[in-house]
Structures are given as C-alpha cells and as structure tokens.
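First up is the structure itself, then whatever we jot down about it.
Coordinate-derived values only; no laboratory data. Not measured: the values here are computed from a predicted model. Because the Cβ atoms are built from the backbone with ideal geometry, glycine has one as well, and the counts that use them run over all protein chains shown.
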C-alpha cells in the first residue's frame, strides 16, 4: 500500500542505496530551508514569548532567519536550470483500487516560483528591518507577537508559492489569511482594528470556499492536484474543452472567486482598505507587496485551466479593469494617505488581473514585481510619517515635509514611489503598466478595446491621486498638526520624530529597488524569440507561457488558436492605426503628465482651488452626488450591509429560533434522551456482586455455545415452522377462496 | 532452539529488569529504593532498542512461528508504551511511607515496602505480552497469557491502601480465574479436534478439515470458548462486567496499565487463534457471528454505560470496553486491512488512553486521589497543561480529526467497509456518536467550566505521571505525522513471508 521506510527498519538496517531519482532530489533538498527558516523563526519567537524577553531579540531572530531564506532563494535561482520538484516528505498518500489522492509536502521550483520568492523573501527581510525600529514602542509588550506573526506569514506565503500541489497551496492560502487576521488585529484593544481583522477574515472565507471547491473539482476531473500532472493530463487530451464535462467550465470561475477574494477585487475588495488598521509594515508587506498578489499567482499557476472556458479570461479582464477604475475614483477623494494607498493597491491589482485577462501573464507578473517595490516604499513612507507625527495621516494637516529637518529621505523616496505608481516615463511602473495596456489592444476579445481606453483613463486618475498626496504632504509650506497617538506628549509643544537609520536605510534600499525594477525590461534574455527581457524569461517556464509575448509558436499555440474569442498575437491589433506596443509609450506618458499636471495645479500652486472646486460641485444640485459618493467610497459598504448582512442577520435569527425550539428542543433532546434512558435500564446489570458477574459471564458464553451446537436443529426447526406457517396460510387462503 | 532463544532477547532483558527492580526495591539506601522506576524504564528502553537488532530479515526467515513478523511490532511498542506506563506510576508506591522515613518518623523495613515488587510485576506483565508473540503452541500461549494477567491482580491490590482496591482485586482475580478456565477448556477442545498443540500442525489439520467440508464442531466450540475466555482480557461483552468495578477500584496508573497491556495480549491471542483456522475463506460462520454479536454488544454497552457515570475512572473504564468493541471490527474484517487496523489502533489507543489516566493519576485533592467528575471541573485554571492533555486525550479517544484517534478509527472503519461489514460500521458510528456525550463532558469540564469549591484544592501533585500525561498527549497530537510509518510497520508485521 504505502512505500515508506519504517522507523524500525531505519534502526535495524543500514540505509538502502538511494535510487537515481532520490540522488537527484538530494541535490536541492537544502531548498527546503527557504521554507523552514521562517518556521524556525516562529518557534524562536515563541520561546522569546515564553521567556518574556524584553529586548529586540525577536526582531534580530526574524531578520536573520528571513535573510537566510532570501540568500537561499538567490542560490536556488543561481543553480536553476529547469523546473524541478523537491520532495520534502510524504504528506497525504491515499491509494485505492480506482485511484489515489497524493499530496506530498514537496516544492515545485520553476522560474515563476523563483520570481515570486525573490521579492517575497527580499522585501520580507527589508520590511522586518524597518519594523524593528517602527515597532520599538512596543518592545516587551507586543513586539514578539508582531514578529511571530510576520514569521507565520512568511512561512505560509512560502508554502503558497513553492508548493508542488494545490493542497500545499491551500495550506499556505489559509495560512496567509490567518497571519493577515493576526496582524491586522495587532492592536486588539482598538475596536476598529478588531472589526477590520474580522472583516478581512470573513470576506476572505468567501473566496476560500471557491478555492476549496475548485481543488475538489480539479481532483475529480484530473485525478490529481499536482501541477505538473494536471498539465500532463491536459496535454494528453490536447486541451480538449469538452474533457471532464461541466467541471472544466466551473473550475476557472471558482479559482477566480478565490483570487478575487485574496487579491481584493470587485466585489470582494472591501476588506483591504480596512486592513490598514494593522501596523504599517504589515500593510506594506502583506497588504501591498506579497499576500494580495497571491490571487494573481494562483491564476498564473493554473493558467491552462482558464484557457478551457471561452469566457473565463474575459471575465477576469473585465473584473480587473472595472476594479482598477472604480478603486481609483475612490482613492481620488480620500484624505487619509494610507487609505489612498490602499485603494491604489486595489486599483493596481485590478491592472494585474486585466493583464491576465488579456493574455499577458508576462505583463501581469512584471507589474506584480514592480508594484511590490514601489507600493512597499509608498506604504513605508506613510508609516514613517505616521510614526513621526503621532499617527497623523490626513493630507490636509501635513505639508512641506521635504523642507523639514530629517525628512528629506522620506520625501524623496516617496517621490520615487509616486513616480513609479504614476507611470512617469522610464520608471519601472511605466514599463510594466504599458505591457498590460498595450496588450488590451493587441488581444481580440469582448470589449477589450474599451477596457484598454478605460485603463488608460485610470492611469491618468492614478497619476493625479498619487501626486495629490506628494504635493500636499511633501511640497508646499511647512505645516503640521500631530495626530492623536501622543503617548503623553503635549500637543502644543509637539516635535516630529524623524526616522532613524533602520527606517531610512530600508526606504532607500526599496526605493532603489523600485527604480532598478525597470532594468529587467532591458535585460537580454537567453531565449531568442521572446520579447520583454528577463521577466518574460522567468514566466516562460511556467504554465502561463501562453501569455508571454513571442511565445506563440510553442506548446500552447494550438490552445490559443482553438479559442473563438481570444486570438493572441494573430493578427496584431492596433490602437488608432498604430502598433500598440510603440504607441502606448507616448499615450501613457502623456496621460501621466496630464494627471501630474492637474495635481500640480490643484494641490501645489493653487491649493485653495481644489476646495473651491469641491464646494462648487457640492453647491450644485446636479453634481452634488459625485464628491459625496466618492468620499463615501460609493457607499459599497452600506450597500453590502443592506443587501447581504441584514438579510443574513434576519435569516440567522430565524434559524437560531428554529434551532432552539425545533431542532434542539424536539429532535436533539428527544433522541439524546434515548441512550441516557437505556443507560438507566442497564445500570442494574452492574450491581457489584461477584456471583452475578460470574453467572452472567459463563451464562452468556454457554448460551452462545449452545446456540452454536444446536444451530442445525434450530435452523430446521425455524424452517419447519416457516413451512407450517405457509401451510396454514395456504389453508386459510384456500378456505377464504372457497368462501 | 537456539534461534528461538535469540528472539526472546527482549523478553529476557525485561525479565532481568524485573529481577533488578525487585532487588533494588529492597535496598536500604533510599536513593536506590525510590528510583526503581528509572531502572524499569531503562530496561524497557533497552528492550525497545534491542528489537530491531533481534528481528533482522535473515533471522526472521529462519523463524517457524505462525506470524513471524508480529513480534517486532508488538515488542517494540509494548516496551515503548511500557515506559510511559511506568512513568504514570511514578511516585505512586510507598509515598507516605517513604515520606515518614525521610522525616525520621519510621524506619525502613523490607516487609512494609512494595515499590520494587510493583515495578517488577509491571515488567513481568509486559514480558508476558512479548512472549505471546513467540508462542508456537497452545501451552506456551496459555502460560504467556497467565503471565500477563497474574501480576495485574497483585498490582490492583497493592496500588491503593483502600478497601475498594482490595475488593476490586478480589473480583478481578476470581472472575479472571473463571475466564481462564473457560479458555483452557476451549484449548482442550481444540486439542481434541486436532490432536496436537503445535500451531503449525493445527493449521494443517484445520485446512484438511476445511477441504473435507468444514471444521469439526468440537474445534469450533473450542475456538469459541477460547475466544470468550480472551474476551475477559480485552473486556468485551459478556465478559466485561468486571471492568468498571476494577478500573474504578485500582489507582489510575494501574488502570491505564490494565486498559493497555492485557488488552494487547487478548487481541494478539485472538488474532493468533483466528489465524489457526485460517482467514482465506473467511472465519467459520458461527465464529464470525459470535464475534459480530460480541462487537455490537461491547460497543453499545460500553458507551451507554459510560453516560451516567460520575466517577472519571469508571467512565473511562466503560470507554475502554467500547474501544475493544471497535477493535473487534478489525478482527471480523480479517487480514490484511483489518488486522493492520487493529495493530495500529492498539498503539494509538494505548498512547491516548495512557494520557487520560496519567492526567488523573498526577492530580490530587489534599492528598486524596481524584475520582469524581466534579474534581476536574475548572482544571484549566489551576493547571492549563493538565487540562489540555486531558482534553487532547479525550478528543483523540472520541476520534476528532486530526488527532491520532481519528486515524485509528478511520483505518478500522475503512477495513470494516472494505470487508463488507457496513452494518457493523454503522453501529460503531452510532456508538461513537453516543460516546461524544461523555468525552465532550470531560473536555468541557476540564477546559471550559469554572472551579467549584470541591475542585478548588485539586492540584498537580505527582511529577512523573504529569510528564507521562504531557508526553502521551504530544503523541496524540503529533502521532499523525508518523502514521504512515506505523501503518507500514503494522503491514510488515502481518505479512507472512519476507
């Protein structure tokens, strides 16, 4: 049944000579430590908590462990030649005659995994360094809890990205959800933080149901949950869209539900803005750079499955495009800079889904990569400001930061982040966003042209709200009001605490990363026919190679051609009669400049005009709704409460009463009283008397033996009784018939 | 013969340990006397380590016993869990007497101590289980079974200085004698049917009888009586009546021992006897029917009986009866799945049950033993670890996934369904559902309830039982990680040839 080396035989015999496969796997087995280091860090943090450590030791431990993980990832990347499975240990292996369910704890390393792991562990390390200073007011209180949470998160995220099957991914998926809950609710004495943590968890559950069902259907359809085997099954059926019946059409939508929940897309995005209640390093790491890109990772990993349904990828594109636009409009009207960044994250994630939908997994992955850096730096600068101004995040109450002593690094690294986010020419965000925007015009699909224009317009909005923040907060005359987290300081005599070395170092490092993230676009790749540099090469080994420009000749070509609606790269689409890839450089550049220009006008040169515009819009009866609705986030939360929560509450109340009086009252207690009643009947059997025990024992045995000995007689007796009864019946019948 | 002696090395080590314990217990040096438990543990560990070296593939190939591999599995785990059982009894014997000697209120007298004997008896009983694996004939089997049982009678009697324990020991002894008589009568009938005591020859005779149209009625009667006699060892209906009284009367550590060691011995002997008549064409219908009835009665009577108990030990005693019923499903299902499931379940049950009893053993209310349900109410306030280990072990006994007990039940039920015994498995599922009532009550009382005036003085008093409880709770939690290894070992244990 199961081939395992038993503990006994391990002791008894010398180790058997490993087979060739095993020898090969041993080469990379150290890669398991990428996974184990965060776990070790968690255990050590747990020990710190147990021994009530009152120093910064947990931070040091976490930083060292995560840095080791990062270095190992670099080594793995360096030694990478082809996709490989690294077996860590047997996990679930159930075999029966017709099939099997195998989910080993194994790592699947291809270049896509490496791409993700590079920024997950790299940024994880840097953000842990940042947090070591940021969280120092909590040393001895929540400090250990915080770093334990970060370790849990990194472990779960590593499982999610590196697992070789969907079950390990699921483990990681739930794990990051749990870590996110843990860290959003870090300030558990604040009711809003607790509410936000619950909201994030519950909304994510909706998506997780999708993932669980999808994994189940994938297993029933393909007989496996391992990525490489799913691909093999698909290839052996030459991507037949009728294979497996309705399930192959249901799978992509369920996976989508999961991805939209985790990556905060319409209609499940509502948890992400509230998640900003957590400490800022958490927002930067989990809710901007890494965890929220898990949905994109999931879809890239299972890309071939999305090709099996005609409308799956267009749905992804539409949801992504609309979310990008919708979230950007909300972001324009917020005053809390961290919330603006949160809505911006939702919007940028929308771009990535748009990229996936218009079949450029390359563009999506590249945008994930660049976004991880520039959004992390934006969040971390917001955190530094919040840290320095006692929790102040309102852009109306902060101004001229770049002219203040000690705030130059924060201001200019924030500028770098803003430039990338706004898609300023020749920054990393510019190239990655263009790869998606252009592809919307290249790929033929339902309404993709419209989505392309909408995304270009959104790019303008993005440039506007990004620089609204920067011009308001960092430029202009020096002015500030402290927030309400004063820790006993006098508000009238408040001095901002400028960040020290750790925070500044991390800001500069990540800002540099954000700038350098433009380089992969130009880095030559080794595969000749691919466009798009290093990132394209990294995505090309993965199941989503169909979405890499220049890769229309390999394995996935028949699949793409078979598609009625999505015809990728053939023939080349156009935008206003030009080649989209070239035209987009100019169009998005111009749109970005317009956005920045408007922000410059409204929020630096004529600051009062923004308020004038707002009051004018509010004064006019016809336009009043616009700023009101935007500031109130289009009332989505209220609509959800009215449409979903209230009916559920009423239903819940009804079920609760039904449960109390019908189920519990009549059924459960009724049935439950049976065993208890019978227990009372049986109780006299145990009267404690030796003699009666002995008689029962022997009597029971003798009874059975007698029964057995006279079995033939009893059987014949029963038979004769039966036949007699039949005879009597027959007699009665005949008598009855005669009458 | 020399080969046979080779396989007895683990037993010999344990026997040597028994002698050492008996001697050390009489030492005038208090330091040696009080640490008899360590000696017992050391010899058990030695036996445990020796097992893989004794059972090398070359040696097993020369063995002439019925199930040549089974010894490796049983001896290893009997010794391993034996260590936990000895630990649960740590500090139990002579506690007040040693205290008095230390204070100078009493002087040492060899007649008044029993710690050494107690540990020696424990080791003897464990050696009995090991010897069953090496049985080649009925006489050996009977002697080994009695070696398991006889020490336990004494252990029950001397474990507590109370009349309840004496009464329990008396009942246990007399009813044990009745059951041994039944079993022996069965063995005699088996001899009558086959004309031999030697297992391998008996297998041939039964196979011949089968070929000629069925096993002789004398043989079937003998097997039936022998199984009924063994039902006493595993506490299965109708021979279960003693269990609640005895389990309640003995001290918790001894009860843990009673619930594991004799049960393992009985199950092993039933497997051996059923192997005699052969599983290939199914057990004779009469035997199967009898086992079926016994299994159903045991599961239902055990679980229903536990519902209204107010004594924790009595409740767990009934629970122990019910678990024998579950294991009989595996016997009815037959090899390989059913027997593998039984062997795995024995280990799982042994570990988790020890955890539950060890937790009870380590608690004390003003120097009194803890026995009523009320005593453990609000335990988490005073000892979170003890409450957790009780909760984990009860959860595992109930079979809550992903605890160890769940996987054991899963294997048993799966084997039952694979053998076509759907009805039996349904009964077992209902019985399990009934058992949730009292297991959850134990969990709820210890983890959720608040302290009552009576339970306010309950504390963790004994160190080693506490350690045993924690260790076995960890096994119940982390066991599923090595489940595949244990299953592989059990599969190897029932395989007939290399």
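Quick check: Cα centre of region A:283-320 to Cα centre of region A:138-198, how many Å?
Between the Cα centre of region A:283-320 and that of region A:138-198, the gap is 21 Å.
At 37 °C and a viscosity of 0.692 mPa s, what translational diffusion coefficient does Stokes-Einstein give for region A:297-390, taking Rh as the Kirkwood radius over Cα pairs? Give it in µm²/s as a whole number.
Here the translational diffusion coefficient equals 230 µm²/s.
Taking the Cβ of each residue in A:443, A:329 as the centre, tally the other Cβ atoms inside 10 Å and list the residues starting with the fewest.
If I rank by nearby Cβ atoms, fewest first, I get A:329, A:443.
Taking neighbour counts of Cβ atoms within 10 Å as a proxy for exposure, in what order, fewest first, do B:208, A:352 appear?
The most exposed by this proxy come first: B:208, A:352.
Please state the relative contact order of chain A as a whole percent: Cα pairs under 8 Å, 6+ residues apart?
Computed value for chain A: 11 percent relative contact order.
Can you give me the Cα centroid spacing of region B:130-192 and region A:382-455 in angstrom?
82 Å
Using only the alpha-carbon atoms, how far is helix B:483-494 inclined from the longest principal axis of chain B? Give it as 0 to 90 degrees, nearest 10.
40 degrees
For the Cα atoms of chain A, what angle does the longest principal axis make with the long axis of helix A:646-658, in degrees from 0 to 90, nearest 10?
The angle comes out near 20 degrees.
Take the alpha-carbon centre of region A:616-654, take the same for region B:370-435, and report the distance between them in whole Å.
Spelled out, the Cα-based centre of one part sits 50 Å from the other.
Under a point spin-label approximation (7 Å from Cα along Cα-to-Cβ), what is the residue B:106-residue B:474 distance to one decimal in nm?
3.5 nm
Cα-Cα pairs above 49 Å in chain A: how many percent?
Result: 27 percent of Cα pairs exceed 49 Å.
Quick check for you: which residues of region B:253-277 have the amide N under 13 Å from the point 7 Å beyond the Cα of residue B:311 toward its beta carbon?
Of the residues in region B:253-277, B:255 have backbone N under 13 Å from the label point off residue B:311.
Treating each Cα of region B:2-494 as an identical point scatterer and ignoring solvent, apply the Debye formula and state log10 I(q)/I(0) at q = 0.06, 0.10, 0.12 Å⁻¹.
The Debye formula, applied to the Cα set alone, gives -0.25, -0.71, -1.03.
Express the relative contact order of chain B as a whole percentage, based on alpha carbon pairs under 8 Å and six or more residues apart in sequence.
Relative contact order for chain B comes out at 16 percent.
Roughly how many nanometres apart are two label points built 7 Å out from the Cα toward the Cβ at residue A:656 and residue B:451?
Placing both labels 7 Å along Cα→Cβ, they lie 3.3 nm apart.
Expressed as an acute angle from 0 to 90° and rounded to the nearest 10, what is the orientation of the C-alpha long axis of helix A:408-422 relative to the principal long axis of chain A?
Helix A:408-422 sits at roughly 70 degrees to that axis.
Evaluate the distance, in nm, between pseudo-label points positioned 7 Å from the Cα of residue B:364 and of residue A:664 along their respective Cα→Cβ axes.
Going by the 7 Å Cα→Cβ label model, 4.2 nm.
Over the Cα atoms of region B:320-391, what radius of gyration and what Dmax do you get, in Å?
So, for region B:320-391, Rg and Dmax equal 16.4, 50 Å respectively.
If you bin the C-alpha pair distances of the protein assembly as shown every 20 Å from 0, what whole percents do you get?
10, 32, 29, 21, 8, 1
Which order do A:612, A:68 fall in if you start with the one that has the fewest other Cβ atoms within 10 Å?
Ranked by crowding around the Cβ, least crowded first: A:612, A:68.
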